[in-house]
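The values are calculated or read from the model by the stated rules, or taken from the named source; none is laboratory data. Quick caveat, the model's predicted, so the values are computed rather than measured. Counting neighbours? That spans all protein chains shown, and the Cβs are built from the backbone with ideal geometry, glycine included. Keep in mind that these areas ignore ligands, DNA and RNA; they rest on the heavy atoms of the full protein, side chains included. Shrake-Rupley method; radii C 1.70, N 1.55, O 1.52, S 1.80 Å.
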Protein chains: 2
Amino acid sequence: MRRLALALAATTALVAASPVGAQSVDRTVIARIIDEGTNQSEVMVNSQYLMDMIGPRLTNSPGMRKAEDWTQKKFREWGLSNVHKEGFDFGRGWSIERASVRMVSPRPIQLTAIPIAWTPGTNGTISAPVIVAPMTAERHFDAWRGKLAGKIVMISRPTNGSEETDAPFERLSGDQIAKLDSFRQPRYDPVAADRRLKRNDFQKKLVAFLKAEGAVAFATESYRDGMLLHGEGYLFGVGDTSPIPGIQIAAEDYRRLARIAKVGAAPVLEVMSDVRFDDSDRNAYNIIAEIPGTDPKAGYVMAGGHLDSWVAGDGATDDGAGVMMVMEAARILAKMNVRPKRTIRFALWAGEEQGILGSLAYVEKHLATRGTGTNTQTGLNRYMGWSNRWPVTPQPGYGDLAAYFNIDNGGGKLRGIYAENNIAAAPILREWLAPFASMGAKDVVISKTGGTDHVFMQQVAVPGFQFIQDPLDYESRTHHSNADTFDKLKGDDMRQGSIVLAGMLLQAANAEKPLPRGPVPQQPKVTDPFAYGDPDDDR
Amino acid sequence: MRRLALALAATTALVAASPVGAQSVDRTVIARIIDEGTNQSEVMVNSQYLMDMIGPRLTNSPGMRKAEDWTQKKFREWGLSNVHKEGFDFGRGWSIERASVRMVSPRPIQLTAIPIAWTPGTNGTISAPVIVAPMTAERHFDAWRGKLAGKIVMISRPTNGSEETDAPFERLSGDQIAKLDSFRQPRYDPVAADRRLKRNDFQKKLVAFLKAEGAVAFATESYRDGMLLHGEGYLFGVGDTSPIPGIQIAAEDYRRLARIAKVGAAPVLEVMSDVRFDDSDRNAYNIIAEIPGTDPKAGYVMAGGHLDSWVAGDGATDDGAGVMMVMEAARILAKMNVRPKRTIRFALWAGEEQGILGSLAYVEKHLATRGTGTNTQTGLNRYMGWSNRWPVTPQPGYGDLAAYFNIDNGGGKLRGIYAENNIAAAPILREWLAPFASMGAKDVVISKTGGTDHVFMQQVAVPGFQFIQDPLDYESRTHHSNADTFDKLKGDDMRQGSIVLAGMLLQAANAEKPLPRGPVPQQPKVTDPFAYGDPDDDR
């Protein structure tokens, strides 16, 4: 009893020391969230359905279409309001029906391989010798001209085996989190950005070159060892897809092919890739649902994850986990019949894996546009170029989004949140996390994190944040791989994440003021005008 | 200069402190071994040929036959003497031509799977629903009787995902090696041994039951996470092979099937397994080669590794690496034209993966037999039962084998040697390792190690030893898996191992006396007659 009394006293002290003062949500309400999110949790049952029964959700694929329907249906079942989808121009639908890659000479071996996303099928089985012809820039084409006809072109430079001395499964220590709490000055280098944009066109030129030379297919090396596959491809636009089939081969198998080709006759492969394009609807769709606020002038808060995934696994940790935590937070709050001051909006993004395109479309429609005239770039180029267009022009609704929370770092529990250099917001975020300290979520670190759906909001100074999560085996094994399956999700982590998110959203929705944000960004000065760029940018 | 002088002084002191005194091999000869094994090394070129061009070497498979021929050819090229093969009764030949496993319902997905060794093919593509029916003992059959007709029976109990917090790639620290230097008393429990023997027959009963019930195939779960495959099977004897096809499915894919089956209609699989049996020669063959000794009465020393491998990878670290180090040691010593006192014999074993059967056949033929009457057990049962047969009867040649060195712990460099409780041999082994301390091989630990080709020699008190090796990614990833490929071999390690082995062999061949050995073993007393056995033994 004494220990308990001390713990209660400590909690009270923490609240008293809070920088903002008044709690926007009573702790008895937080306790109800925890009860609903543990004893009545549905997050693992729903996760199993999304990952196992629907499976991979490449943007505009049949799996993604099913997921769009199913998630809206669930939101409606739970009593969410304004459930709808918002379309944006994306590109082609594509899915794998079956595939097989075999070495037939010098000896038979079934290889571990996967069709590269959005490449065409082989229309039956093709048989051809390989040629190892690594190309990473147009200037490499000359060396291979006239040598590729009738070949399967191995375009990756074969790597050596890795020596992985980090544990594959990891939970963050306090020290590791503390290191993230360090302000790094922003960088602006428009020349480098333009070069990256240019380099991004190389893939299109490469497949056109391969086709012109008469190559029958191309092959890449998987970037993780241990027979893992990924199969990402980025030529998804209508009119942009590769004219010849592409396959990604497991690193061990790819290296063996390259070694055999080096010492003697080129190995001969049999490739069968049966894939399906679906161009019936070019639009991708973000899924939106809401718990309406009681004050129509107070704006809204929002949480999101991306519903789309890659094709090799079932998109469990990337980002089925984030989507399921967002949906479970919605279910918990709806079940509790909360009546928040601000509307709480839930967003399941599409096209994240092809350049954060779903949330970018949302930003352009609801928050702010960039540049003058029409942005004619599409796909990955739109993503690459967007941050370098000026000025930023707020749209109606720019001021309405009081806070955005994103989850997209795997299935690990939430340990804290990145404050994205927002010095003014950090103490408020810390206050909102305080009730969840004993569940492992307590740290607010000042640093930024990228690569997912809060970044374009951040770029227009809308307060969007991403949580810190325990990595588990996200980096080592599951991220984008064929091992990204439901069994990688941990029930305790998934329930904790759902609860913390629900609590953060409700506190943000009821907070007296929206989270502080900076002014509308102006074109920055070049940060280091006398520095030489990365020589890789010249490739 | 001063540091070097100190180092030399230390070396001299070590030699002076040696328990045996006179060095059997001058250090200038060791230096020549090192020169030949580094500057003129052929171990990686030969390894590439064995792993990439010949590939997996399941005992009696076409790959193993090729390897038998190629290794003899290389030994002859290098000038080894008495190069020949020694046959022993084994069983059927088997190899994979092609294979494909797909889930077709509830959604299409190409699964990661491999035919289980020595199971028959599907004769085209079969399509059937799965049923999850874990069985590990005959008493489990009743629950499934009448339910398996027309099904693919998933006989493994689905596991949960692993949380691997050990580094996948490891080199041993001094502390780790020091822990191995601990004498553990031997254990003798004939009842447990008999139970294991009985349990081993279960697999045959299981496949017969599945066939009788009308199952069309069976499936097991791979025992490593991360999409790795293994495909071991032990029913290889003529008349013993499974009557229905068996496939091993990657853990992630197997669990998904089990979950889907649990929540709704059973998933339907399409299985195509195109495998080949070859019964033209039931015999497996050990490969033998020699450097003749100058003293016909001095007997011989021997080194060995096993040439056979499993089917999923190319048998690089298990045990291509050991075989290649043994062969490179032979090449180095032959090239140097050594004239040792004792004959140096090199042995490449067959049937190791099915119960250490090649070296067992060697022991029975050349060293000692066990039991009375004819041992009619075959295959794994012969292995399981052999240690429990009494008395041990020495054969002509029993005393001739002065020392045996085995390499079969992956591709990592040699760090020392297990003395196998042989207190008398330990200081001599330590002396022989001394010249290689600066190469990382120096520790002699008293403990025993099992599971490979020195064990049956040890069991009849012939001094056979296995080296301590850096694990690298043997345990985490390559052992028996489809990732056991040439790229896992490290040139520095392979050269070091070859050099150390050549040095050990030459010193053993020239030593004044054979290594000390104990008396011919008598049937031991039951070690702990009042202890209860492992309850698992009752299964």
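Return an integer: the convex hull volume of the alpha-carbon atoms of the protein assembly as shown, in Å³ per residue.
Residue-normalised Cα hull volume stands at 217 Å³.
Among the residues of segment A:156-202, which ones have their accessible area go down by 20 Å² or more when all the protein chains sit together, as opposed to their chain alone (1.4 Å probe)?
A:Gly161, A:Ser162, A:Glu163, A:Glu164, A:Thr165, A:Ala167, A:Pro168, A:Phe169
Given 10 Å bins starting at zero, what is the percent of C-alpha pairs of segment A:332-439 in each, up to the one with the largest pair distance?
Per 10 Å bin, starting at zero, the Cα-Cα P(r) for segment A:332-439 comes out as 10, 31, 38, 17, 4, 0 percent.
Along the principal axes of its C-alpha atoms, what lengths does segment B:250-344 span, in descending order and rounded to whole Å?
Principal axes ranked by extent give 75, 31, 22 Å for the Cα atoms.
In whole percent, how big is the carbon plus sulfur part of the accessible area of segment A:52-165, probe 1.4 Å, protein atoms only?
That fraction is 47 percent.
How long are the three semi-axes of the equivalent ellipsoid of segment B:410-539, in whole Å, if each is the root of 5 times an eigenvalue of the C-alpha gyration tensor, listed from largest down?
Largest first, segment B:410-539 gives 29, 25, 11 Å.
So between B:Arg276 and B:Glu138, what do we pick up on full extension, going 0.36 nm a residue minus the alpha carbon distance?
Once the chain is fully extended between B:Arg276 and B:Glu138, it gains 46.7 nm.
Please work out the average accessible area per residue across segment A:215-346, using the 1.4 Å probe convention, and give it in Å².
27
Mind listing the long-range amide H neighbours of B:Gln248? Cut-off is under 5 Å, sequence gap 5 or more, other chains count too, H placed in the peptide plane at 1.01 Å from N.
Counting only residues 5 or more places away or on other chains, the set is B:Ile114, B:Ile116, B:Thr220.
So, in nm, how far is label A:Arg339 from label B:Lys211 when the simple model puts each one 7 Å beyond its Cα toward the Cβ?
7.3
Considering protein heavy atoms only and a 1.4 Å probe radius, which residues within segment A:208-234 exhibit an accessible-area decrease of no less than 10 Å² in the full assembly relative to the chain by itself?
Those residues are A:Asp225, A:Gly226, A:Met227, A:Leu228.
Charges only on Cβ, +1 for Lys and Arg, -1 for Asp and Glu: so what's the dipole of segment B:347-498 about the Cα centre, in debye to the nearest 20?
300
Counting pairwise Cα distances across segment A:200-302, what percent come out greater than 20 angstrom?
The proportion of pairs with Cα distances above 20 Å equals 61 percent.
What relative contact order, as a whole-number percentage, does chain B give when Cα pairs under 8 Å and 6 or more residues apart are counted?
Contact order relative to length: 22 percent.
Using a cut-off of 13 Å between beta-carbons, work out the net charge of the residues near B:Ala368 (Lys and Arg +1, Asp and Glu -1, B:Ala368 not included).
+2
Please get the size of the charge dipole for segment B:70-117, origin at its Cα centre, with Cβ charges of +1 on Lys and Arg and -1 on Asp and Glu, quoted in debye to the nearest 20.
So the dipole magnitude of segment B:70-117 works out to roughly 220 debye.
Assuming R0 = 41 Å, can you tell me the calculated FRET efficiency for the pair A:Gln523 and A:Lys297, based on Cβ-Cβ distance, to the nearest 0.05?
Rounded to the nearest 0.05, the efficiency is 0.80.
Please give the FRET efficiency for A:Lys66 paired with A:Lys365, using the beta carbon to beta carbon distance and R0 = 35 Å, rounded to the nearest 0.05.
In this case the efficiency is close to 0.90.
If you roll a 1.4 Å probe over the heavy atoms of the protein chains, what accessible area per residue do you get for segment A:17-159, in Å²?
42
Put +1 on the Cβ of every Lys and Arg and -1 on every Asp and Glu Cβ in chain A; which of A:Val275, A:Pro120, A:Gln466 then has its Cα farthest towards the positive end of the dipole?
The residue sitting farthest along the positive end of the dipole is A:Gln466.
Once the whole set of protein chains is in place, how much accessible area is left on B:Arg382, using a 1.4 Å probe, in Å² to the nearest 10?
Accessible surface of B:Arg382 is approximately 50 Å².
Provide a whole-number value for the mean count of partner chain Cβ atoms within 10 Å of the Cβ atoms in peptide A:478-489.
5
Please state the charge dipole magnitude for chain A, taken about the Cα centre, from unit charges on C-beta atoms (+1 on K and R, -1 on D and E), reported in debye and rounded to the nearest 20.
That gives chain A a dipole magnitude of about 460 debye.
Pull up the DSSP beta bridges for the protein assembly as shown and report the antiparallel fraction as a percent, rounded to 5.
Taking every DSSP beta bridge with both residues in the protein assembly as shown, the antiparallel ones total about 60 percent.
Under a 1.4 Å probe, what is the accessible area of segment B:392-539 per residue, stated in Å²?
So segment B:392-539 comes to 35 Å² accessible per residue, rounded to a whole number.
Below 27 Å, Cα to Cα, which lysines can B:Lys147 reach? Residues fewer than 8 away in the same chain don't count.
List returned: B:Lys198, B:Lys204, B:Lys205, B:Lys211, B:Lys262.
Setting aside same-chain residues fewer than 8 positions from B:Lys448, which aspartates and glutamates have a Cα under 12 Å from its Cα?
Result set, ordered by chain and number: B:Asp181, B:Glu420.
Keeping the other protein chains in place, figure out the carbon and sulfur percent of the accessible area of segment A:422-464, with a 1.4 Å probe.
Result for segment A:422-464: 59 percent of the exposed heavy-atom area is carbon or sulfur.
Probe radius 1.4 Å, ligands and nucleic acids left out: which of B:His306, B:His140 has the largest accessible area, and how do the rest follow?
Reading off the accessible areas and sorting them downward yields B:His140, B:His306.
Need one number: buried accessible surface between chains A and B, 1.4 Å probe, both sides summed, DNA, RNA and ligands left out, in Å² to 100.
Buried surface at the A/B interface: approximately 4100 Å².
If I take the Cα coordinates of segment A:101-244 and project them onto the principal axes, what are the three extents in Å, biggest first?
55, 40, 30
Provide a list, ordered by number, of residues in segment B:242-260 showing at least 10 Å² less accessible area with every protein chain present than when their chain is taken on its own, using a 1.4 Å probe.
Listed by number, the residues meeting the 10 Å² cut-off are B:Glu252, B:Arg255, B:Arg256, B:Arg259, B:Ile260.
Step through the residues of segment A:291-300 one at a time and calculate ³J(HN,Hα) from phi using the Karplus curve (6.51 cos²θ - 1.76 cosθ + 1.60, θ = phi - 60°), rounding each to whole Hz and writing x for Gly and Pro.
With coefficients 6.51, -1.76 and 1.60, one gets 10, x, x, 8, 10, x, 8, 8, x, 8 Hz.
What nm distance separates the two modelled labels at A:Ser182 and A:Trp390, each placed 7 Å from Cα along Cα→Cβ?
The two pseudo-label positions are separated by 2.9 nm.
Can you give the helix-only mean residue ellipticity at 222 nm for chain B, where every DSSP H stretch with n ≥ 4 adds -39500 (n - 2.57) and the sum goes over all residues, rounded to the nearest 500 deg cm²/dmol?
Using -39500 (n - 2.57) per qualifying helix, the result is -8500 deg cm²/dmol.
Given 10 Å bins starting at zero, what is the percent of C-alpha pairs of chain B in each, up to the one with the largest pair distance?
Calculated P(r), rounded to whole percents: 4, 17, 27, 25, 16, 8, 3, 0, 0.
If the reach is capped at under 16 angstrom between alpha carbons, list the aspartates and glutamates near A:Lys365, excluding any in the same chain fewer than eight residues apart.
By straight Cα distance, A:Lys365 reaches A:Glu86, A:Asp89, A:Asp400, A:Asp453.
Residue by residue through segment A:105-120, which ³J(HN,Hα) values in whole Hz follow from phi under the Karplus form 6.51 cos²θ - 1.76 cosθ + 1.60 (θ = phi - 60°), with glycine and proline marked x?
8, x, 8, x, 8, 6, 8, 8, 7, 8, x, 6, 3, 6, 8, x
What pairs in B:Lys442/B:Lys490; B:Lys74/B:Lys413; A:Lys297/A:Lys525; A:Lys66/B:Lys151 have C-alpha atoms more than 26 Å from each other?
Those over the limit are A:Lys297/A:Lys525; A:Lys66/B:Lys151.
For the pair B:Ser105 and B:Thr376, what calculated FRET efficiency results from E = 1/(1 + (r/R0)^6), where r is the Cβ-Cβ distance and R0 = 56 Å, to the nearest 0.05?
Efficiency, rounded to the nearest 0.05: 0.70.
On the accessible surface of segment A:256-396, probed at 1.4 Å, how many percent belong to carbon and sulfur atoms?
49
Using a basic spin-label model with each label point 7 Å from the Cα along Cα→Cβ, how many nm lie between A:Ala265 and B:Ala167?
It is 4.4 nm.
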